[in-house]
Each structure stands twice: as C-alpha cells, then as structure tokens.
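S.K.: The structure under discussion is supplied below as structure tokens; questions concerning it will follow.
The values are calculated or read from the model by the stated rules, or taken from the named source; none is laboratory data. As the structure is a computational prediction, the values presented were derived from the model and not from experiment. Ideal geometry is used to build each Cβ from the backbone, glycine not excepted, and the neighbour counts take in all protein chains shown. Just so you know, the surface numbers come from the protein's heavy atoms only, side chains and all, with ligands and any DNA or RNA stripped out. Shrake-Rupley method; radii C 1.70, N 1.55, O 1.52, S 1.80 Å.
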Amino acid sequence: MSRSSEIISAALLALFMSATASNVALSAAAGTPIRIGVLSVNQGPAAAGGADGFRGIAMAVKEVGGAIAGHPIKIIEEGTDQTGPTALAKVRKLVEQDHVQIVIGPGSGDEGIAVSNYADRQPGVTFIAGIAAGEAETYHHPNVFRFAYGDGAQWVAGLGRYAYSTLGVRKVATIGDNYSFGYAQVGGFVSEFCQAGGHVPKELWTPLGATDYSSVVPQIPSDTDAVYIALNGADAINFLTAYYAQGGHAKFIASSITVDESVLSAKGSIQNHLVGVASAAPLADTLEIPAWNSFVKAYKQHYPSGFAYPSVWATGYYTNAMAAFTALAKVNGDLSGHQQAFRAALQSLTYQSPTGPISVDGNRNGVFTNYVTSTQHGPNGTLLNAVVKSVPNVREETFLRGGVATPTHPACP
Amino acid sequence: MIAFHGAPSGRSLAWCSTLLAAIVLPFLASSFVTQDILALAAWSAIVAMSMVFLSKYGGMISFAQVGIYGVGSYSFAILAVGHGVPWYGAVAGALVAATLCALLFALLVARTYGIYFLMVTLALGLVVYFLTISNYGLTHGSGGIPGVNPPHLGSISLAQPIPEYFLDSSVAFAVLLGLTLLMRTQFGLALQGCRDNPRKMRAMGYSVMSYRVIAFTLAGSIAGIGGVLGVWYNGIIAPSYLDLTRIIDFLAIAVIGGMESLEGTFAGAIIYAIVTTYASSFTDRYNTVIGLVLLAIVMFAPGGVGGLVSRVGARLALAKAQLTPASTE
C-alpha cells in the first residue's frame, strides 16, 4: 500500500544518519595538519606492488619525522583495483569527503587518465601521480605533477638501441597489456628500436589480467629474433608459462615491469628462463649510488618481509612523496592561495632521489635517469637486475613526436 | 491518528514527506554526500530500474543493460568530445543510439527465456565491453574518452553537487513515475500477461514477441538515460565502466533493492553507494563486505529492501488487526 514511499523514507533516513555536514575549510595556521590522500592498488594482479607503494609513502613520512614546518602530515590511504572507475570513486572520496589538499597516486595507467581528468574539476587540489605512467597524463592539467617516473615510454629509454646494437636483434615481435601503460611501454621500445633500424612485424595486445595466453603464442612469427614482453606481474608469469610450454625459443626482452621484483621473487621453473634478460627501468637492484644503497638499507630494515629490493612502486611513491615534502618545506607548509607557492616550488625543484636527480619539465612531467639492466643471479639464489647502461635526462617529448602511443603507433613492420 | 483517515491519505502523506526530505536533504548534507552518494545513487538507480522493470513486468533478467548504458555513455562522449556536437544534440544522439542498440539486442533475445535469456544477454553485455576495448579508433581503447563535461544551464553548472543531484533525482523520479503509470495501461497489463502466461496470451491474439521486443527496447532507452547522466557524473567513459564487475555492481543494486520493486532500486543504490564508499575506510577487503551484504540480503530478505519493507508492513497490519477490537466504522 504505502510500501514504495516507506522504502524511500527508510533509505533517506539511513542517509540522514550517515550524512556529515562537516565542510570546514582548512586554514594555513601553524600546526594545522597537511592532509594528503594516497591512492595505490590493493586488489588484482598488481596488489603486491601496490602494497609496496604504501610502504614507500610510510618511509617518506618517517624520514621527515611526520611533520613539515610544524604541520603534522596526515596520510589517508585508499586502495584501488587498477581500473578507472574505482580510482575515480576513491579519489572523489579523498578530495570531497576527507578534504585532502594533496593527492599522491594512482599507480596504474588507466587510473591515471581518470584521475587527471577529475583533477580539472578540483583546481584547488594538487595531484602528484604515484607511478601511473600513461603518456601525456600531465598535459593540459596545471594541477597535475609527475616526478617518478614520467610516462611508460620513458621507463624503457635506452632499451631499443641496446637491443639493436648490443644484442644484435633485428626483428622483434611485441606483446603488451592492452591499456595505456602497455601502449607506452611498447611504444617507447618500438620507436627507439625502429629509429635504430630494427623491424617489428607483429604487435600483439592482450587484456590486463588475462590468464590463458595459449592462443596468443602461435601468432608470434617464428622468424623473430626476440619477443618484447610488456606484461605486468602475474600476466607475465602466465604468458611465459604458455610460451615455454609451446616450445618457444626466441630470446626475450622485457619491459620495465615484466621482470620487476614481484616476478623475480616468483617461485618455480620459470626462474630458469629469467636469467640474462635485458630490460630497462627507472631503477635497478644493484644501482651503485650511495642514495640508493641507503634507501635499500632503510627499506630492508623497515620491511624485512617485503620484496628483496624496493620495487618501482615503493621507490616511485617514496620519490613523489619526498618531492612533495621537499617543496612543502620550501614554502613552510603554506598551501593557501590555491597552492600557487607550493606548485611553483614543485616546478623549480630538483630532488636528489634514491635513483638520481629528478625534476619536472614544462608540462610538469618527470625528467630523470633511466637504467638498462640485465637479470643476474644474486646471493641466496635470488635474481636481481644489474645495470648495464644508464641514460640520463630522459624527457617525455622525445617519445611524443609522432603523438601518443596507440596499439598501432609507432610501428615499423 | 492519521492512519485512521484511511489508506489514500496516509499514503500521500508518506509520499509528501519523502519528497520533502529529498528536496531538503542536499541542503543539510555535505556536498560529498549530495554528489557522491545521492546523485550517484540516483543515476545508478535509473540503470538498475531498467533491469528491475524487465524482470518485474517482463519476466526477463537482463545482463545487457550495462552494455546498453555504455552505448549511451560512449555515444554522448564521441559526439560531444570527439565531434563537438552541442550537448542537447549529443544527448539526443546518445538516446537514439542506446534505443537502437536495445532494439537490435531485443530482436536477438526476444525468443529466449529463463537461464538462456540471462546467458545471451550477459554475452551481449560483454560484446559491448570487448568492442570498446578493441576498437581503438572509435573508443580509444582501455583508456577510454576523458574530458566529458555536463552542460551549463545559464549560469548553473550541472557538475555542481546540488544541481547534479536535482537533475539526476528528478529524472530518476520521472522514470519511476512513467514506468509505474505505463504498467497500468493496457500495454502494461498485456506485458504482464505475456510474463505470466505467454501461451494463453498468444491464444488470445497478442503477439508475445512484439511485447517483449518493445519492453526490452524501452528498458534500453532508460539505460541510455542512465548512460548520459553517468558519463556526466564520471567525466570519463572507458571499457572498465562496462566490465563484468560493473554488470554485477548494478545487479547488486537491483538485488539489494529487490528485483520486484522499482522504488527499491533507490534504496539499493543508496545502500550500495554507502557500503562501497565507507567500507573501504575500515577494511581493505571492502569487496568482501559488499559480498556479505549481498549474501545476507539473499538469505534473509530474498525480496531485497523492497520485499523486506512490504513484509514488515504486512506484519504490522496483521498485528494491528489482531489488536484492534471489532471495527466500529
């Protein structure tokens, strides 16, 4: 009878109870907490890496003693599942409900697109990418910064040339996760490899989180010298299992995340195929610089049950948080006036990160040193990435000459 | 006191107070609650209503509604962002595209029933998902199309919490009202006849197939409306808004509200928005919490919130009847 209206009344009543009318603007008085929201992945194939991202943030907060210029740092964490909708819902909650002034994150390409797009609706908040590395993500978004580590094409700077001239590879097939970070990782390699004179007859794309690659393997031409694999975490393990089960024999070259710590610490026979694999990333386990060594030491001390070495997640989130804290210290924690002083400090900052100096270009995107690596046996039977070449001052515009990478661009069949 | 005046006035009073609360609420609640719980719930309820409408009146449980909603969202984004079509043109285009897509789907599925209907519509929903992910030229692959903005009406931006809430909730209310009234017409009664006894209806000269096709197409238009409001809310559309997880999200809203209750979708959407938003503040395993809520509903209140409220109502009426001495009226 009055059923329908009762239902709606019940729902509205529930809402009244949950509604919070606190919408107090935060002043910049000394001692006011600086509220920082952190987005990282805590579900799906990248969850192990995402947890390391939160560790990186905790290390940075600890390093500055939990406060900047007398302002305590208040960190509010939210976990995502590597998709745009979840990242968007979480960032809305952080900004509109928790009233954070700075967002650090997210950690994955498509999430980055959704969050950068949302940043336009929140001009008063500064967004610093976690390690989301889709191309051109900071373009046209004046409140979005990305120190560590620019876009996914920059992460493989040096690898295409290394494959052509040092490994002597001429024909490469590629397989990538079908999303913005995968496009960038393949695009970065292909553009450099093609410029060096190589050919890429086949570019394959598979959905993120695919488990069965057995139908993809036969599509790899048999006369390729090498397969370039731009799959992440569990995806890479699944592909390699299928590839070797079907008698694959080509050399393989890995993108930045294929042989990262989460894969290197994978157990089983897969490990035998992971020795001597070339890849490139903004960091490497055996980096011989003091800042890296002390960062690794601190990481192992705080997180004995973490990865063998801090992953790109821990290092990237740590670096972005420390860049933010350094800039905040320069302006004495002043976030008034639409954060203009803070943003100017970020723009002019060169932060000495664990992996080398890092700054942002005119589009607020990272300029940093990239490392070409090769996997080697470490102590206690573990595997690690050893540096074979470093590429300083990697800039995004190098890779954006022909436009943002897509499944069909760049190409040289 | 009021209850003794009889059913109609009690009912209208409940409606009026609900309506009043819906109007006052956004001015009392924070802008976060207004936009990210209420407005989100309002447009989500529209999509869920297109599901519940088909289930309740047509006996069709369709998993394709999220795909059709996606066609609406994508059409708006492609027209408005990709081709610079003014918003009203893009809205019209989106609704036409969603309706045509629904008509096409309807012609494919109208002859199937029960579990087969469910499976075919699930497949169609996922077809839309995979088309958007692989058709880079049109839909920009998995990154999707960002930069979608709701229009300005004069000086009012529909991206602002209160205007967005009133737009979404009044459209949702209009859809609820329209469907309820439509189901009282001859068409509505015939559709329900087709649901209950298709053989008898056929014998009486009704084209059961046509009724099912029309109902499915109509539900598709409604999902398309949800698609436009949804893409305005999100500012972006991408394949991950149409994947299996989101199909289950909308199904969860419908189930929590009750598959037999159009009004219940509002309660379902609000509960779902609250649980998803706040559970993650307490635990990383918020999906488990959502799963448990769903499980509890299915086990203890199979009719959802809608069913629960009507059951409690019936209990109360029974108790009142037992308490009240012989009527003097």
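S.K.: Place a label point 7 angstrom from the Cα of A:A298 along the Cα-to-Cβ direction, then list the residues of the stretch A:337-379 whose backbone nitrogen is under 12 Å away.
M.R.: The answer is A:352-355.
S.K.: Then there's this: Heavy atoms only, 1.4 Å probe, whole protein assembly: order B:R199, B:R311, A:R343, B:R184 by accessible area, highest first.
M.R.: B:R199, B:R184, B:R311, A:R343
S.K.: Please list B:V120, B:V91 from largest to smallest accessible area, probe radius 1.4 Å, with all protein chains kept in place.
M.R.: So, going from the largest accessible area down, we get B:V120, B:V91.
S.K.: Farthest toward the dipole's positive end in the stretch B:29-323, which of B:L251, B:G67, B:A314, given Cβ charges of +1 (Lys, Arg) and -1 (Asp, Glu) about the Cα centre?
M.R.: B:A314
S.K.: Okay, moving on. What residue among A:A344, A:A46, A:A329 shows peak mean-square fluctuation when chain A is described by a Gaussian network model with Cα springs under 10 Å?
M.R.: Per the Cα network of chain A with a 10 Å cutoff, A:A344 tops the list.
S.K.: In debye to the nearest 20, how big a dipole does the protein assembly as shown give about its Cα centre with +1 on each Lys and Arg Cβ and -1 on each Asp and Glu Cβ?
M.R.: In total the dipole reaches around 1260 debye.
S.K.: Let me cross-check A:K74: its accessible surface, 1.4 Å probe, with only protein heavy atoms counted, in Å² to the nearest 10?
M.R.: For A:K74, the solvent-accessible surface is approximately 90 Å².
S.K.: How far is the Cα center of the stretch B:211-284 from the Cα center of the stretch A:88-108, in Å?
M.R.: 22
S.K.: Using Cα springs under 10 Å in a Gaussian network model of chain A, which residue among A:G150, A:G268, A:G65 shows the largest mean-square fluctuation?
M.R.: A:G268
S.K.: Would you mind giving the mean number of other chain beta-carbons within 10 Å of the Cβ of each residue in A:84-96, as a whole number?
M.R.: 5
S.K.: Right, something else. In Å², rounded to the nearest 100, what is the total accessible surface buried by chains A and B against each other with a 1.4 Å probe?
M.R.: Using a 1.4 Å probe on protein heavy atoms, the buried area is about 4300 Å².
S.K.: Sticking with this one: Counting pairs of alpha carbon atoms under 8 Å apart in space and at least six apart in sequence, what relative contact order in percent does chain B give?
M.R.: 27
S.K.: Once both axes come from the Cα atoms, what is the angle between helix B:208-234 and the longest principal axis of chain B, in degrees from 0 to 90, rounded to 10?
M.R.: With both axes taken from Cα atoms, the answer is about 70 degrees.
S.K.: Ignore the peptide's own chain and count Cβ atoms of other chains within 10 Å of each Cβ in A:111-119; give me the average, rounded.
M.R.: 4
S.K.: Next question, about the same structure. Can you give the calculated 222 nm mean residue ellipticity of chain B, where each DSSP H run of n ≥ 4 adds -39,500 (n - 2.57) and the sum is split over every residue, rounded to the nearest 500 deg cm²/dmol?
M.R.: So the helix-based figure for chain B works out to -24000 deg cm²/dmol.
S.K.: Can you flag which of A:K74/A:K389; A:K297/A:K330; A:K62/A:K93; A:K74/A:K300; A:K74/A:K330; A:K251/A:K300 are past 30 Å Cα-Cα?
M.R.: Pairs exceeding 30 Å: A:K74/A:K389; A:K251/A:K300.
S.K.: State the answer as a single residue: which of A:V64, A:L328, B:S240 lies farthest towards the positive end of the charge dipole of the protein assembly as shown, with beta carbon charges of +1 for Lys and Arg and -1 for Asp and Glu, about the Cα centre.
M.R.: B:S240
S.K.: Calculate, for B:Y113 and B:R184, the FRET efficiency according to 1/(1 + (r/R0)^6) with r their C-beta to C-beta distance and R0 30 Å; round to the nearest 0.05.
M.R.: That gives a FRET efficiency of 0.75.
S.K.: Another one. For peptide B:15-23, what's the mean number of Cβ atoms from other chains within 10 Å of each residue's Cβ?
M.R.: Neighbouring Cβ atoms belonging to other protein chains average 4 per residue here.
S.K.: Same structure, new question: Using mean Cβ contacts within 10 Å as the protection proxy, how do A:159-171, A:51-63, B:220-232 order, highest first?
M.R.: Going by the mean number of other Cβ atoms within 10 Å, highest first, we get B:220-232, A:51-63, A:159-171.
S.K.: Continuing with this model, one more query. Run the quick spin-label model on B:S207 and A:D212: label points 7 Å from Cα toward the beta carbon, then report their separation in nm to one decimal.
M.R.: According to this spin-label approximation, the distance is 4.1 nm.
S.K.: Still on this structure: With Cβ to Cβ distances under 13 Å as the rule, what net charge do the other residues near B:I270 carry (K, R +1; D, E -1)?
M.R.: -3
S.K.: Helix A:290-302 versus the longest principal axis of chain A: what angle, 0 to 90°, nearest 10, using Cα atoms?
M.R.: It is inclined by approximately 70 degrees.
S.K.: I want the local charge near A:A47. Using Cβ-Cβ distances under 12 Å, sum +1 for each Lys or Arg and -1 for each Asp or Glu among the other residues.
M.R.: Combined, the nearby Lys, Arg, Asp and Glu give -2.
S.K.: Quick check: residue separation of B:S155 and B:V289 times 0.36 nm, minus the Cα distance between them. What number comes out in nm?
M.R.: Contour length minus the Cα-Cα distance gives 44.1 nm.
S.K.: Measure nothing fancy, just the Cα-based angle from helix B:87-109's long axis to the longest principal axis of chain B, in degrees from 0 to 90, nearest 10.
M.R.: It is inclined by approximately 70 degrees.
S.K.: Shifting gears a bit: Treat each spin label as a single point 7 Å out from the Cα along the C-beta direction, and report the A:V275 to B:S170 distance in nm.
M.R.: 7.2
S.K.: Can you tell which of B:A77, B:L40, B:V175 lies farthest toward the positive end of the dipole of chain B, using +1 and -1 charges on the Cβ of basic and acidic side chains (Lys, Arg; Asp, Glu)?
M.R.: B:V175
S.K.: Another question about this same structure. Would you please classify the overall shape of the stretch B:29-323 from the alpha carbon gyration tensor, given that a ≥ b ≥ c denote the square roots of the eigenvalues, rounded means a/c under 1.5, and beyond that prolate means a/b larger than b/c while oblate covers the rest?
M.R.: oblate
S.K.: Taking chain A as a Gaussian network, where each spring joins two C-alpha atoms under 10 Å apart, which residue of A:S294, A:S180, A:S108 fluctuates the most?
M.R.: A:S294
S.K.: If you roll a 1.4 Å probe over the heavy atoms of the protein chains, what accessible area per residue do you get for chain B, in Å²?
M.R.: It amounts to 45 Å² per residue over chain B.
S.K.: Continuing with the same structure: When the chain is fully extended, how far beyond the present Cα-Cα distance does A:K74 get from A:K62, taking 0.36 nm per residue of separation?
M.R.: Additional length available on full extension: 3.1 nm.
S.K.: Please state the charge dipole magnitude for chain B, taken about the Cα centre, from unit charges on C-beta atoms (+1 on K and R, -1 on D and E), reported in debye and rounded to the nearest 20.
M.R.: Dipole size: approximately 1000 debye.
S.K.: Before rounding to the nearest 500, sum -39500 (n - 2.57) across all DSSP H runs of length at least 4 in chain A and divide by the residue total; then give [θ] at 222 nm in deg cm²/dmol.
M.R.: One gets -10000 deg cm²/dmol as the mean residue ellipticity at 222 nm.
S.K.: I would also like to ask the following. Where the centroid of each part is defined by its Cα atoms, how far is the stretch A:147-206 from the stretch A:270-336 in Å?
M.R.: First find each Cα centre; the distance between them is then 24 Å.
S.K.: Related question: Residues with beta-carbon under 15 Å from that of A:V227, excluding A:V227: net charge, scoring Lys, Arg +1 and Asp, Glu -1?
M.R.: With Lys, Arg at +1 and Asp, Glu at -1, the net is -1.
S.K.: Which order do A:Y317, B:Y113 take when ranked by solvent-accessible area (1.4 Å probe, heavy atoms of all protein chains), largest first?
M.R.: B:Y113, A:Y317
S.K.: Let me ask another. Taking the Cα centre of the stretch B:196-329 as origin and charging only Cβ (+1 Lys, Arg; -1 Asp, Glu), how large is the dipole, in debye to the nearest 20?
M.R.: 420
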